[in-house]
1. Quick check: convex hull over the Cα atoms of segment 25-100, volume per residue in Å³, rounded to an integer?
2. Please give the charge dipole size of segment 25-100, origin at the Cα centre, charges +1 on K and R Cβ atoms and -1 on D and E Cβ atoms. Round to the nearest 20 debye.
3. Suppose R0 equals 35 Å; then what is the FRET efficiency for Asn19 and Asp99 from their Cβ-Cβ distance, rounded to the nearest 0.05?
4. For the pair Val76 and Met57, how long in nm is the line joining their label points, each one 7 Å along Cα→Cβ?
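None of the figures in this text is laboratory data; all of them are computed from the coordinates on show. The shown structure was predicted, so the numbers you read here are calculated from the model rather than taken from an experiment. Positions of Cβ are backbone-derived with ideal geometry, glycine not excepted, and every protein chain shown enters the neighbour counts.
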Amino acid sequence: MAHRYRVHHRRHHHRRHRNPFGFNRASLETALWGVGGGIGSLAIPTMVLPAQNTGLMGYALNAASAAALKFVGDMVSDKAGEGLFIGGLVATGLRIVKDNLHSIPGLSGLGAYWQSYLPNLPAQSNPYGQMPNPNPPAVVATAGGAKAMSGGRFTGGRFRR
């Protein structure tokens, strides 16, 4: 009788890689190309034709710059061209909204996306935001000078001058 060997089933533990936020290199790369496309589509018309960069002509120049950036970006890679084009069109759309819809709060400048409740501090304030007293106390000059004001709580003992 032949001896039968028992076949052991080995369990292969496969570690599963998780990406809970959904960020991967390709999406970040496209986003970076998009930022470049937004900056480029707004900057190119300003540098090339600054006098015509107003109104509908300015919007058309922004869109044409986005298309030109896509053409140049496609020479690098498909993702570069796509990202540059998307970023250029988004920047053009933001410019149209910013120029024509003044009633939307927060679009006066794209530097702040929420309402600020901090007061505007004057230039005379110190680094801690403290304002100087507009009515400083009056200095009273006495006949005796500094000795006349030397009476008080700490006049005896080691605080004597």
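1. 67
2. 120
3. Computed FRET efficiency for Asn19 and Asp99 comes out at 0.35.
4. If labels sit at Val76 and Met57, their model points lie 3.1 nm apart.
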